[in-house]
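The values are calculated or read from the model by the stated rules, or taken from the named source; none is laboratory data. This structure is a prediction, so every number in the text was calculated from the model and none was measured. Quick reminder, even Gly has a Cβ in these numbers, built from the backbone with ideal geometry, and neighbours come from all protein chains shown.
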Amino acid sequence: MMTAASETAHPVRTFLAVVPDPEALSWLKGEQTRVRKLLDRKVSGKTKEALRWIARDQIHLTLKFLGMAEPEVLEQLGAGVTQVLRHVAPFEIPLGRPAPFPDARRPVVIACKLGGGDGMGAHELQRLADWVGQAAKACGFELEERAYRPHITLARVKRGYRPKWEEPVAKQPKGAKSVAPVTMRVSEVVLFRSDTSPGGGGPVYSELGRFGLGEG
C-alpha cells in the first residue's frame, strides 16, 4: 500500500527494503550496543569518530536501490511490486553476527549478514530481490547488475579507516542465554525515500509505501 508517494511533488532518491520485525530489531540493537562497547574500549576519540552508528528507526535490509524517481513512476512501481509479491510467501531468515563488510581489509560498514549455514531463507531472499527488481525494471529503473550481497548495516565506516576487529567481537558472548542468533521474518517490502541530513549526519530514510508478501 502506498502511503506518502502522492505527497512527493519532485523526484526523490528511493530504494526497496525490508524492515526487521520487532524481535529481530531488538536483537540487532543489542548486537550494535555490544559491538560498540567492545570497540570503544580499544580505540581513541579520533577513531570513534570514524564510525557512524545507525539509529534504531533507520535499520533496514536493502533489496534494490532505485535511484531518482518521479512521483508518477513511484505509483506505477507500487502497483508492480504489489502484483509480483502476490506470488511470494512470507519466510524467515537467520541473522548473522556483526562483522566488517564487505571484508575487514577495506570495510565500508559494520553489518550483519543473513542466512544460515543450511541455506535457510537465502533462496527466498534472493528470489524476493529478483522479483522486486523485475518490477522496478518494468517501470524504467536502471538497476545495478552486481551480485546481491544481503546485509543489515549497524554502522558506517569512514573511508580509509579500518576498525581493530578481533574474532571474539563477532562470536557469541560468554554466558549469553541465546545459543544462536534470532531469525528475521520477512512479510512485507517497504519503499523508502533517502534524503541528505541537514546536519551532515548521513542519509535519512522516510517510508513511502508498504507491500505485503502473499497478499491477493
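A few remarks follow.
- Among (1) modelled with pLDDT of 70 or more; (2) at positive phi, the one test that Glu188 misses: (2)
- Within the range 57-113, tally of residues that are outside any loop (DSSP other than H, G, I, E, B) and more than 23 Å from Cys139 (Cα to Cα): 18
- Checking Thr33, Thr62, Thr47 one by one, the residue that is among the polar types (S, T, N, Q) and modelled with pLDDT under 90 is Thr47 and no other.
- Any hit, the range 68-85, residues being within 19 Å of the chain's Cα centre (by Cα), surrounded by fewer than 16 Cβ atoms within 10 Å (Cβ to Cβ) and not β-branched (Val, Ile, Thr): yes
- Number of positions in the range 182-196 that are closer than 21 Å to Lys29 by Cβ and in contact with an Asp or Glu (Cβ under 8 Å, 6 or more places away or on another chain): 8
- Complete set of residues in the range 149-165 that are modelled with pLDDT of 80 or more, surrounded by 14 or more Cβ atoms within 10 Å (Cβ to Cβ) and either among the acidic types (Asp, Glu) or out of contact with any Gly (no Cβ under 7 Å at 6 or more places or on another chain) (or both): Pro150, His151, Ile152, Thr153, Leu154, Ala155, Val157
- Residue match in the range 84-105 (condition: of a type in the set (Gly, Ala, Ser), farther than 23 Å from Ala24 by Cα and at pLDDT 90 or above): no
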